[in-house]
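Comments concern the structure below.
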Amino acid sequence: MGSQSYFMVLIICLVAIIGSSDAQLQLGYYGKSCPKAEEIVLKYVHQHIPNAPSLAAALIRLHFHDCFVRGCDASVLVNTTKTNQAEKDAIPNLTLRGFDVINTIKSIIEAECANIVSCADILALTARDSIHATGGPYWNVPTGRRDGTISKSADVFISLPAPFNNLTTLLTLFGNVGLDANDLVLLSGAHTIGVAHCSSVSNRLYNFSGKGDQDPDIDSKYATSLKTFKCKSINDQTTILEMDPGSRNTFDLGYFKQVVKRRGLFESDAALLKSSTTRSIVAQHLQSNEKFFTEFAKSMEKMGRINVKIGTEGEIRKHCAFVN
């Protein structure tokens, strides 16, 4: 009886080990079930990003906003319903773009192999391929994520780092999802591509402390230039600003060069100079484009694993905008 009990326990443990190893992210996860999936994503990106390079910034931002709220489960893609306001309609997400790109890729993959590939994996792969298409680094994207079934706008305000956050808040929010100061600096480096709106910097220029003043952490000449030629009033909500002036469509070290000159647009950019630790990390990556690319790739792969749903968790959505 004792030996039978021992073998039963052993079998149960082996089953548990096998089950847990199967339910992990892995490179080439769809190799047998949908072998053309990653090729479809890559082909679509290469067809469209060269004609609309600003989409690369939009797609990596979409991936970032997804992963920090409930993990990388494509919850940011879900539409609002009569009974629920979804993440995409929270104020910080109203300027997100790229939903149509993900939905189109999903429809192409569904035609190839239905109910196999998750929207979460498509989002992660598309972000990687889009950045690489702009001259940025390539990183491994292990797949096997499943899609979440919950998307609530209120969660965004709790979990998502904001452009007006100070360093303490940023480190806390990153730490909450298993990322550190190095990841904060590296992932902020994605601001080397893309744009922002004057509304994101207007308080820094016109009313930083509520007394009609300017943020002392922004370079005065840069601030004057922005107020003279771009954000001519605190009420400007529409004018677009380059995050990395002169090379917004090229993934390079330009963002860090702006930061050390105190010309980062956001308070969160200026925050990187607020501690010796983050200042040192910025300085390190200014020295070598190759080092920045290598380390950025590691942080992106790390971010892509935040609270993923695997195995029997979640679902494989038929359409990325709707829970099944």
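Computed from Cα atoms, the angle from the helix 54-67 axis to the main principal axis of the chain rounds to 60 degrees.
Ranked by the mean number of other Cβ atoms within 10 Å of their residues, highest first, the peptides 196-204, 164-172, 63-71 come out as 63-71, 196-204, 164-172. For the stretch 11-158, the convex hull spanned by the alpha carbon atoms encloses 139 Å³ per residue. At the residue level, Lys274 shows approximately 120 square angstrom of accessible surface with a 1.4 angstrom probe and all protein chains present.
The alpha-carbon of Lys302 sits under 17 angstrom from the alpha-carbons of these lysines, leaving out residues fewer than 8 places away in its chain: Lys291. The modelled label-to-label distance for the pair Ser280/Asp219, using points 7 Å beyond Cα in the direction of Cβ, is 2.6 nm.
Projecting label points 7 angstrom from Cα along Cα→Cβ for His319 and Lys32 puts them 3.3 nm apart. Overall form of the stretch 114-165: oblate. Here a/c, set by the Cα gyration tensor axes a ≥ b ≥ c, is 1.5 or more, and a/b is not larger than b/c.
Listed cross-link partners Lys88/Lys232; Lys152/Lys318; Lys106/Lys232 are compared with a 31 Å cut-off, the Cα-Cα value being larger for Lys106/Lys232. Efficiency by 1/(1 + (r/R0)^6): what FRET value for Asn79 and Asn51, r their Cβ-Cβ distance, R0 = 30 Å, to the nearest 0.05? It comes to 0.65.
Across the protein chains, with a 1.4 Å probe defining accessible surface, the residues Ile310, Ile108, Ile193 rank Ile108, Ile310, Ile193 from largest area downward. Taking Rg and Dmax of the Cα atoms in Å straight from the coordinates, which label in (i) 20.4, 78; (ii) 23.9, 73; (iii) 21.5, 86 is the correct one? Matching entry in (i) 20.4, 78; (ii) 23.9, 73; (iii) 21.5, 86: (iii).
Each Cα pair under 8 Å and six or more residues apart adds its separation to the average, and for the stretch 185-274 the resulting relative contact order is 40 percent.
Using alpha-carbon pairs under 8 Å, 6+ residues apart, how would you state the relative contact order of the stretch 244-316 in percent? Display every interim value, and only then the final one.
Numbers: 30 pairs, mean separation 15.9, N = 73.
After rounding, I find 22 percent.
The local environment of Thr81, defined by Cβ-Cβ distances under 13 Å, has a net charge of +1 under the rule Lys, Arg +1 and Asp, Glu -1.
Using only Cα atoms, figure out Rg for the stretch 147-294 and give it as a multiple of 2.2 N^0.38 Å. Present the calculation step by step, with values, prior to reporting the outcome.
On the way: Rg = 15.8 Å, N = 148, 2.2 N^0.38 = 14.7 Å.
The stretch 147-294 yields a ratio of 1.08.
Cross-link partners for Lys227 among the lysines, with Cα-Cα distance under 29 Å and sequence neighbours closer than 8 places in the same chain left out: Lys211, Lys257, Lys261, Lys274. About the centre of its Cα atoms, the chain shows a dipole size close to 500 debye [charges on the beta carbon of Lys, Arg (+1) and Asp, Glu (-1) only; nearest 20 debye].
From Cα pairs below 8 angstrom and at least 6 apart in sequence, can you work out the relative contact order of the chain, rounded to a whole percent? Before the final figure, lay out the partial values.
Numbers: 514 pairs, mean separation 82.1, N = 324.
The value is 25 percent.
Could you tell me the distance between the Cα centroids of the stretch 204-224 and the stretch 300-324, to the nearest Å? With the stretch 204-224 and the stretch 300-324 each reduced to a Cα centre, they are spaced 41 Å. Placing pseudo-labels 7 Å out from each Cα toward the beta carbon at His197 and Arg97 gives an inter-label distance of 1.2 nm. In the full protein context, the chain carries 48 Å² of accessible surface per residue, based on a 1.4 Å probe and ignoring ligands, DNA and RNA. Give the carbon-plus-sulfur fraction of the accessible surface of the chain in %, rounded to a whole number; probe 1.4 Å, heavy atoms of protein chains only. That fraction is 55 percent.
The values are calculated or read from the model by the stated rules, or taken from the named source; none is laboratory data. Please read these numbers as outputs of a predicted model, since none were measured by experiment. Neighbour counts run over all protein chains shown; Cβ positions are idealised from the backbone, glycine included. Remember, those area values only see protein heavy atoms, side chains included, never the ligands or the DNA or RNA. Shrake-Rupley method; radii C 1.70, N 1.55, O 1.52, S 1.80 Å.
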